[in-house]
1. Between residues in the stretch 132-161 that are free of Cβ contacts under 8 Å to residues at least 24 places away in the same chain and residues that are loosely packed, with under 11 Cβ neighbours inside 10 Å and outside any loop (DSSP other than H, G, I, E, B), which pairs lie under 9 Å by C-beta distance while being six or more apart or on different chains?
2. If we keep just the residues of the stretch 66-85 that are assigned to a helix (DSSP H, G or I) and near ligand 2 (Cβ under 9 Å from one of its atoms), which is surrounded by the fewest Cβ atoms within 10 Å (Cβ to Cβ)?
3. Given the conditions (1) modelled with pLDDT under 85; (2) part of a helix (DSSP H, G or I); (3) over 14 Å from the mean Cα position of the chain (by Cα); (4) closer than 26 Å to residue 113 by Cβ, which single one is not true for residue 14?
4. When you go through (1) touching a helix residue (DSSP H, G or I) at 6+ places or on another chain (Cβ under 7 Å); (2) over 30 Å from residue 120 (Cα atoms); (3) surrounded by fewer than 19 Cβ atoms within 10 Å (Cβ to Cβ) one by one for residue 53, which number turns out not to apply?
5. Name the one entry in 80, 26 that is touching a helix residue (DSSP H, G or I) at 6+ places or on another chain (Cβ under 8 Å), within 12 Å of ligand 1 (Cβ to nearest atom) and on the phi > 0 side of the Ramachandran plot.
6. Look through 54, 33 and report the one residue that is more than 15 Å from ligand 1 (Cβ to nearest atom) and at pLDDT 85 or above.
7. Residues that are away from ligand 2 (no atom under 14 Å from the Cβ), without any contact (Cβ under 8 Å) to a residue 40 or more places away in the chain and either surrounded by 14 or more Cβ atoms within 10 Å (Cβ to Cβ) or outside any helix (DSSP H, G or I) (or both): does the stretch 34-48 have at least one?
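The values are calculated or read from the model by the stated rules, or taken from the named source; none is laboratory data. Just so it is clear, the structure is predicted and the values come from calculations on it, not from any experiment. Cβ placement follows ideal geometry from the backbone for every residue including glycine, while neighbour counts extend to all protein chains displayed.
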Ligand code: SF4
Ligand code: SF4
């Protein structure tokens, strides 16, 4: 049976000094608005509970924390400032420090954002006349490529700068 890791718990808590996971009420307001709800094997309120009681190794060994879309909705909704988002970011940082394997899909998304500034390439649309148009065809302006400043701030936000 898994055992709590109090040292790791303390380490994660130190990284989230603005959040208070111990105050979590398990009200599930975070989970009810989570953008990645269908993709996460564990829901935000369950992640908070695992961190609260020191079961971080289970989270570090899984892809769960890398699936979060970092939309911050859970942080906004939380009545207790327990903020699953901040905990997830802390666990990601611990995972990188421990050189845990970062999932391929996450690295790919980071690479795409650094290259284009977008998570996904702009999609084409089909008109009522069944004509397929891209942004140029729609008369929309070109999307500017990310600046060095953007890349610097983005990496800082990810905890790598
Ligand atoms: S983290 Fe906040 S919103 Fe989520 S269950 Fe705990 S108290 Fe509720
Ligand atoms: S920040 Fe992550 S965990 Fe929180 S609501 Fe968004 S996707 Fe869900």
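1. 132/126; 133/126
2. For the stretch 66-85, the residue satisfying everything is 76.
3. Single failed check for residue 14: (4).
4. (1)
5. Selected residue: 26, the only one of 80, 26 that is touching a helix residue (DSSP H, G or I) at 6+ places or on another chain (Cβ under 8 Å), within 12 Å of ligand 1 (Cβ to nearest atom) and on the phi > 0 side of the Ramachandran plot.
6. None of the other options fit; the residue is 54.
7. no
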